[in-house]
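None of the figures in this text is laboratory data; all of them are computed from the coordinates on show. Owing to the predicted nature of the structure, the values given are computational and were not obtained by experimental measurement. No Cβ is skipped: glycine too gets one built from the backbone with ideal geometry, and neighbour counts run over all protein chains shown.
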Amino acid sequence: MKFVTRATWGAKPPRHPLVHIDSTKGVTVHYEGVTIPKSLAEPENHTQCDDRVRAIQHDHLTETKEDYSDIAYNAVVCPHGFVFEGRGAHKKTGANGNKELNKARYAVMAMLGDKGLKEPTDAMLEGLRDAIEWLRHDGGAGKDINGHRDGVATDCPGDPLYTWVKNGAPRPGGHGTP
Ligand SMILES: [Zn+2]
Ligand SMILES: [Zn+2]
């Protein structure tokens, strides 16, 4: 796994202590759902990915309505397949829509748009799979994988990723654990 720790991407500390969680039923997959230039997926543009993660954390820390303690997701996966540590393992997410859903599953977000970059790259699918398996091994996540729209009325994680989730979130090459 191409893992980027909070220290490496320069995370700010949480605003409030994060809630410890022993285990979950599984993982909910999200997308960013904004306009993302297709060019972000070019290899040389990976240098922009940590800027985007810091910007997402900044948005969440300054979001007054939701009163997030930190970046809402447990992990963020970029088009190049890097897994950025968000809240991390054993931390309750703030992204799934309500308290019940936040306790039930971790949240992994793909840096994928609703305009521009809308189709996940193979590297991104590998990274999402890596993030899910990391949360299973290190966070006590159960086998369940769903999409944000399974819990609340939203387009998230977009049709291409949702189809992948419904197919069991396979690795693109068909290797490894299904
Ligand atoms: Zn979502
Ligand atoms: Zn990247």
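Figures for the structure shown
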quantity	calculated
Global form of region 2-166, assessed from the alpha-carbon gyration tensor, a/c cut-off 1.5	rounded
Relative contact order (%) - criterion: Cα under 8 Å, at least six apart; region: the chain	30 percent
Region 69-178: C-alpha gyration tensor shape, a/c 1.5 cut-off, then a/b vs b/c	rounded
For the chain, built as a Gaussian network whose Cα springs stay under 10 Å, the top-fluctuating residue of D122, D67, D155	D67
About the Cα centre, charge dipole magnitude for region 2-166 (Lys/Arg +1, Asp/Glu -1 at Cβ), debye	440 debye
For S69, net neighbour charge (Lys/Arg +1, Asp/Glu -1) across residues whose Cβ lies under 13 Å away	+1
Fewest-first ranking of R136, R171, R15, using other Cβ atoms within 10 Å as the exposure measure	R15, R171, R136
Neighbour-count order for W9, W134, fewest beta carbons within 10 angstrom listed first	W9, W134
Count, lysine Cα pairs under 12 Å in region 2-166, 8 or more residues apart or across chains	6
Length added when fully stretched, K2-D122, from 0.36 nm per residue minus Cα-Cα	41.8 nm
Signed unit charges on C-beta, dipole axis of region 2-166, positive-most listed residue I36, V108, Q48	V108
Residue order, fewest to most beta carbons within 10 Å, for M1, M109, M124	M1, M124, M109
